[in-house]
1. Among the candidates ALA144, ALA107, single out the residue that is closer than 30 Å to GLN164 by Cβ, in contact (Cβ under 8 Å) with a residue 40 or more places away in the chain and touching a Ser or Thr at 6+ places or on another chain (Cβ under 6 Å).
2. Cβ contacts < 6 Å: first residue closer than 11 Å to LYS284 by Cα, restricted to segment 236-251; second residue open to solvent by less than 40 Å² (accessible area, probe 1.4 Å) and of a type in the set (D, E, K, R), any location; separation 6+ or different chain. Result?
3. Specify the residue that is nearest to GLU74 (Cα to Cα); the eligible residues are those in segment 119-157 that are of a type in the set (Asp, Glu) and in a helix (DSSP H, G or I).
4. Filter segment 47-73 down to residues that are modelled with pLDDT under 90 and aliphatic (A, V, I, L, M) and give me whichever is most open to solvent (accessible area, probe 1.4 Å).
5. Of all the residues that make up segment 73-104, how many are closer than 21 Å to ALA226 by Cβ, touching a residue at least 60 places away in the same chain (Cβ under 8 Å) and not charged (D, E, K, R)?
6. Can you tell me which of ALA172, ALA204 is under 21 Å from THR307 (Cα atoms) and in a helix (DSSP H, G or I)?
7. Just to be sure before I move on: is SER142 open to solvent by 70 Å² or more (accessible area, probe 1.4 Å), within 18 Å of PHE189 (Cα to Cα) and not hydrophobic (A, V, I, L, M, F, W, C) in the structure I sent?
8. Tally the residues that are closer than 17 Å to GLY363 by Cα and open to solvent by 10 Å² or more (accessible area, probe 1.4 Å), restricting the search to segment 413-432.
Amino acid sequence: MAQLLAATTTTTTPPCGGLLTARASASSPGCFLRALPRSRAMASASGADAAAAAVAPPSLLVFSGGTAFNGVVEELKKVTTRVAHVLPVSDDGGSTAEIVRVLGGPAVGDIRSRCLRLSDESTSEALSVRTLLGHRLPLDPSEAKLEWYQIVEGEHALWDGVSQPYRETIRAFLVYFHNEILRRSAEMFCFTNGSIGNFFFAGARIFFQSLDAAIFLFSRVSQIPAESLVLPVISTNDRLTLGCELWDGTIIRGQNEISHPSNGRKEVVNKDCNSCSALPSRIKRVFYMSSEGSNLLHEVFPEANRTVLEQLSKVDCIVYAMGSLFTSVCPSLVLRGIGETIASRSIPKVLLLNGSHDRETTGLPASGFVTAITDSLNRTYGYPDKSLKNLPKDYVNALLVPKGGQIPLDIKNLSSKGIFHVVTVDSIHDGKTGIIFDPHSLIQALTSLISDRRFVEPDLLTENVESLNK
């Protein structure tokens, strides 16, 4: 196993908590937010600023989806809360799909999932709010609708432990969401396996006509630390559809159809590569298309969230998280400005390698993951006049690999791409997904990488690759 060099550095980068406070006046949540008590993080902000000026914890930006990285969020919070979580808004499966079908707008499922993981759980009320917003309705349609009415009318046991200010705020947006559904009664909304958090999020987004305002409100209600940012990679109030082009020329429309097609069935998502049919060819690239489009003529080019670009330009480390490579990570990388900004930074840029294959990556070695990330950031395919020519090492300079994982670790190909720092991290076995990182070991290894700035110089670290080959 490669050994990390021990080096400590001190950073005086100010806390990146400005977004949440700035959003208050821009979103104007009105009486709903004035009813909420200030979180402990906000109340102590002035005192924290002075302390942070002396010794600040590291700041990270993480590209991920809404599931795989959630398992290490709690461990990461013990080290730093100065993290910008960048998530796609193109998920069209599960509860999110039904909301988008009836009400339109961007997909909020991944954002809601990360917000819940970051939410406060230090008090009994905080736990009650987290439980409420994390609740899913039954799979049976009749039972789901009955339980939803109990919740929206304020009669469900989930409201126990939630104080009046929070109850009124949360319920107001659930009622607003319900009214929007009733206005579109011809669509026959299905509550099966519905997420209360998604319903709250959708209600807030429609009320404010702003995804950023909805995230701000959700962050306040769930008391996310002010310096933790949950950022949609595209700030929009419109529906976005993800498409992919395979190497055989096939075009697939919709994230769900790419990663885990359900043939129209409403069921719990299963991304295991053995749970659905294989793709006819490997994925060449992912791109965005108009909501009614079906081929390359309907490709669209949305703008990257400006706050994401700002965070990329000042964080101490960039992380490409484990998870669905082409439908969770790459949708955030293909936007103009992302590749340019990442390539300009001389900081750790770390790929967390998956422990097993899924439908999107069957047969890919570790270097194949790096190539997919590089091609996405360079916009190699589909952007003839806007593509970049940066090298893989400009985007990825370290790999963290779960011990015993299924992804072939082709060290020679990695080193030929200029990637010389590969570290094996302790893993655990998950009954659903197989080999995954041990959260404590992963965050420990990531923290060591951030503090060791010498690893960006390949000549000093060739022995790391050699030790891994033995």
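The values are calculated or read from the model by the stated rules, or taken from the named source; none is laboratory data. As the structure is a computational prediction, the values presented were derived from the model and not from experiment. We place every Cβ from the backbone using ideal geometry, glycine too, and count neighbours over all the protein chains shown. With ligands, DNA and RNA removed, areas are computed over all heavy atoms of the protein, side chains included. Shrake-Rupley method; radii C 1.70, N 1.55, O 1.52, S 1.80 Å.
1. Numbers: ALA107 fails: closer than 30 Å to GLN164 by Cβ.
Exactly one residue qualifies, and that residue is ALA144.
2. What qualifies is GLU245/ARG285; ILE251/GLU245.
3. First pass over segment 119-157, keeping only residues of a type in the set (Asp, Glu): 120-121, 125, 140, 143, 147, 153, 155.
The next check asks that each one be in a helix (DSSP H, G or I); those that pass are 125, 143, 147.
Details: GLU125: 19, GLU143: 33, GLU147: 30 Å.
Among those that are of a type in the set (Asp, Glu) and in a helix (DSSP H, G or I), it is GLU125.
4. VAL55
5. Going through segment 73-104 one residue at a time, the tally reaches 8.
6. Just one listed residue meets the conditions, ALA204.
7. Numbers: open to solvent by 70 Å² or more (accessible area, probe 1.4 Å): yes; within 18 Å of PHE189 (Cα to Cα): yes; not hydrophobic (A, V, I, L, M, F, W, C): yes.
Answer is yes for this residue.
8. Taking segment 413-432 first, the residues closer than 17 Å to GLY363 by Cα are 413-414.
Keeping just the survivors that are open to solvent by 10 Å² or more (accessible area, probe 1.4 Å) gives 413.
Residues that pass the stated criteria total 1.
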